[in-house]
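The values are calculated or read from the model by the stated rules, or taken from the named source; none is laboratory data. All figures in this text were calculated on a predicted structure; none of them were measured in a lab. Backbone-built Cβ (ideal geometry, glycine too); neighbour counts: all protein chains shown.
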Amino acid sequence: MKQCIECGNVKPYEQFSKDKTKKDGLQSKCKQCKHHYYTQNKERYIEYQIQFQQSHNHKWGSGVYGYLNLNTNQYDYIGTSKILKYRQYQHNKKYNNHRFEIIESCSIKNLFEREAYWIKHYKPINNTKHNPNNIEVRRQRV
Ligand SMILES: [Zn+2]
């Protein structure tokens, strides 16, 4: 048994995650407290992002973007970003013959819904080549 430094409860060892840096090889907070901490932080993080968006020009905010192929004048890829300006910066370093375009600015909450809409609308090659009905929910990226 081991006492959690957060809630003070004495709990069986399996209620603590492993941590090699600790003397007894276990974390000092029980799994329940760790989980609580994580979910609280997640909410705080999302709130922070929304505040960030509201206090900046919308181009810094979230939305749906596309890589416009300058040869075909069609979008080759459509994706979402929580910080469009950052995605644009990454894009400009990598792609020739493509232009990064913001298709729509929208709130973080609506990102995937709007992405699915535009993918259906434009059917970009790189979104649809593996799955013609691609409206998969991808892992949220920065
Ligand atoms: Zn605890």
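All of (1) surrounded by fewer than 18 Cβ atoms within 10 Å (Cβ to Cβ); (2) closer than 22 Å to Gly61 by Cβ hold for Trp118 with one exception: (1). If you check Thr72, Thr80 for being assigned to a loop (DSSP other than H, G, I, E, B), at pLDDT 90 or above and farther than 30 Å from Gln15 by Cβ, only one passes: Thr72. Yes or no: segment 10-30 includes at least one residue that is away from the ligand (no atom under 12 Å from the Cβ), at pLDDT 75 or above and assigned to a helix (DSSP H, G or I). Yes, segment 10-30 contains a residue that is away from the ligand (no atom under 12 Å from the Cβ), at pLDDT 75 or above and assigned to a helix (DSSP H, G or I). For segment 103-117, taking the residues that are modelled with pLDDT of 90 or more and part of a strand (DSSP E or B), the one that is nearest to Gln51 (Cα to Cα) is identified as Glu104. In segment 25-49, the residues that are in the same structural domain as Asn9 (by TED's automatic domain parsing) reach residues that are surrounded by fewer than 11 Cβ atoms within 10 Å (Cβ to Cβ) and part of a helix (DSSP H, G or I) with C-beta atoms within less than 9 angstrom, at least six apart or across chains, in these pairs: Lys31/Glu14. For Glu43, the criteria (1) modelled with pLDDT of 80 or more; (2) farther than 25 Å from Gln88 by Cβ hold in every case but one, which is (1). Residue check: is Tyr77 farther than 29 Å from Gln51 by Cβ and under 21 Å from the mean Cα position of the chain (by Cα)? Yes, satisfied.
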